[in-house]
Amino acid sequence: MNTVYIREMYPDDVDEVLEIERQCFTMPWSDTSFRSEIYGRHSITRVAELNGIIVGYICIKHVADEGHLLDLAVHPDYRKRGIAKMLLADVIEELRLCGCRFFYLEVRISNRAAKKLYETLGFRTAGTRKGYYMNPVEDAVLMMREL
């Protein structure tokens, strides 16, 4: 079967998630960072699984009526299949159930594909964070969506 399943992220998933993280980011999260989110009281962590293989993941923090995207990635071999969109749709529904009214994220100003994805899901530019990213140093676009 070629069905993508979205499910909770578990500690046993961290090694596979880390492999994707290292392929996608110049400053990848650590094992400890992912485990902190898995066990975090205000965290939502999900993986996308295809044929028993983790192909993407998402980590969200929610506090009061706000959600914040912390990390989202899809393995390069599985991009352009709607997996990131599925992960985001899943957590948006979860945030609504948690009573969140706003969902925020930062994205590299040069990441046109991600900005386009976020815009198709109703996110709008809310500002810029100067020098937000390192390695290389780059500004972030702050985006927000009302839930």
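Laid out as a table, the results:
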read-out	value
Given (1) more than 14 Å from the chain's Cα centre (by Cα); (2) modelled with pLDDT of 95 or more; (3) farther than 22 Å from Ser110 by Cβ, index of the condition Pro76 fails	(3)
Some residue of the range 43-64 being farther than 26 Å from Asn2 by Cα and modelled with pLDDT under 95	yes
Qualifying residues in the range 127-140 (those that are within 23 Å of Ile92 (Cβ to Cβ) and either small (Gly, Ala, Ser) or within 15 Å of the chain's Cα centre (by Cα) (or both)) - the one surrounded by the fewest Cβ atoms within 10 Å (Cβ to Cβ)	Gly127
Evaluation of Ser33 against (1) in a loop (DSSP other than H, G, I, E, B); (2) surrounded by fewer than 18 Cβ atoms within 10 Å (Cβ to Cβ) (one fails), failing number	(1)
Verdict on Val74 being under 22 Å from Thr120 (Cα atoms), in contact (Cβ under 8 Å) with a residue 40 or more places away in the chain and in contact with a Leu (Cβ under 6 Å, 6 or more places away or on another chain)	no
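The values are calculated or read from the model by the stated rules, or taken from the named source; none is laboratory data. The structure displayed is predicted, hence computed values, not measured ones. Cβ sites come from the backbone with ideal geometry, for glycine too, and all protein chains shown count toward neighbours.
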